[in-house]
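Report on one structure; see the data block that follows.
All of the numbers you see were taken from the coordinates with simple rules; none came from a lab. For clarity, every value in this text was computed on a predicted model and none was experimentally measured. Glycine gets a Cβ as well: all are built from the backbone with ideal geometry, and neighbour counts include every protein chain shown.
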Amino acid sequence: MSCSSGVRKVEASRVLTPDYLLLKRRERDASAAWMPDEQDTHFRTNSFSPLMLRSFLSAATGLLIFTLSTATPAAAQTKVPVADLTTTQKLVKQRQIVVLDVRTPAEYATGHLRHAQNLDFKAADFPARVAALDTSKTYVLYCASGNRSGQAAALMQEKGFARVVNGGGFKDLKAAGLKTE
């Protein structure tokens, strides 16, 4: 038995360790005549190949595009800030101003500003009902806190409504002395 075959036999019985694999890779890089043994071939089949990496990145990119395309519209994520109470009070008292309560019908039934129309922001037909409104009029929107009315105002502005005011929350408007029904 030659010396080189004895070394080969010892290597074949060696346990795969990261140090051993690193050593084999360094030997391979140093010697152009090096041929992989069974242990190194097994190690390479468990790592990412360029094709696997490209497939993974392609799938991840597709998932990201799908997630972004099904996300909430930008208008619903942005909000029109709440106007100060004095401005809202002056506007609501004018006859040509349209006051919209964007709360749910149940919230509207518990009390609302005088002459306010209910236009539920959470309803599925909200965009269609907004499209039916006159874009040349001035609108004051309110809800329970100013959050939904701010989102609704942003959506209306996106649809071409130039004069939309976020009146804020119903409780604040009621406390400021605006007439309710």
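Within the set of other residues whose C-beta is less than 13 Å from the C-beta of residue 132, count the net charge using Lys and Arg as +1 and Asp and Glu as -1.
+1
Structure shown: which of 93/174; 93/159; 93/179; 159/179 lie over 20 Å apart, alpha-carbon to alpha-carbon?
Beyond 20 Å between Cα atoms: 93/159; 159/179.
If neighbour count is taken as other Cβ atoms inside 10 Å, put 95, 25, 103, 54 in order from fewest to most.
95, 54, 25, 103
Please report the net charge: other residues with Cβ closer than 12 Å to the Cβ of residue 98, K and R +1, D and E -1.
After counting each charged neighbour, the total is +1.
Order these by the 10 Å Cβ neighbour count, fewest first: 65, 97.
Ranking 65, 97 by Cβ neighbours within 10 Å, fewest first, gives 65, 97.
Below 11 angstrom from the Cβ of residue 157, what's the summed charge of the other residues (Lys, Arg +1; Asp, Glu -1)?
Around residue 157, the charge tally is +2.
Can you list residues from other chains, or at least 5 along the same chain, whose modelled amide H is less than 5 Å from the amide H of residue 164?
139
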